[in-house]
1. I'd like the carbon and sulfur percentage of the solvent accessible area for the chain, probe radius 1.4 Å, heavy atoms only, ligands and nucleic acids excluded.
2. Equivalent-ellipsoid semi-axes (√(5λ), Cα gyration tensor) for the chain, whole Å, largest first?
3. Mind checking the per residue accessible area of the chain for me, 1.4 Å probe, whole number of Å²?
4. Where nothing but the Cβ of Lys and Arg (+1) and of Asp and Glu (-1) is charged, how large is the charge dipole of the chain around its Cα centre, in debye to the nearest 20?
5. Can you find, among Y47, T79, H30, the residue farthest towards the positive end of the dipole of the chain? Put +1 on the C-beta of Lys and Arg, -1 on that of Asp and Glu.
Amino acid sequence: MCLGDRFCGYSLFVHEGALVHDYNCAGTHHVARSTTRLPAGPCVLRYTFTKTGRLRGRGTVSVDGAGEATVELPFTLGTHITPAPLTVGRAPLSPV
């Protein structure tokens, strides 16, 4: 899934068996990638953002509550201005 475009936004996707969250803040990417591969069959994929200050925080991905990876987001945009809507399975404009 993604929201945004090449200027700002975020995406949550599976790449090479890992859960990945990429937050693009005005061209600076902050990526969290799970440390374990996704299991075969159903599983719970999660991204959590924990606010640690004004316009900053910590992003964490997990698979079935394990394989967590965390990335610090020292700054985020106060608002996202983008013509791209939230989409699942495709990015109609430029990739985040």
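The values are calculated or read from the model by the stated rules, or taken from the named source; none is laboratory data. As the structure is a prediction and not an experimental result, all values here were calculated from the model. For neighbour counting, all protein chains shown are included, and Cβ atoms are generated from backbone atoms with ideal geometry for every residue, glycine included. When the accessible area is computed, the model is the full protein with side chains, heavy atoms only, and any ligands, DNA or RNA have been set aside. Shrake-Rupley method; radii C 1.70, N 1.55, O 1.52, S 1.80 Å.
1. Numbers: 3350 of 5820 Å².
Result for the chain: 58 percent of the exposed heavy-atom area is carbon or sulfur.
2. Numbers: eigenvalues 100, 61, 19 Å².
They are 22, 17, 10 Å, listed from largest to smallest.
3. Numbers: 5820 Å² over 96 residues.
With the other protein chains kept in place, the chain gives 61 Å² per residue.
4. Numbers: 9 positive and 6 negative charges, 43 e Å.
It comes to approximately 200 debye.
5. T79
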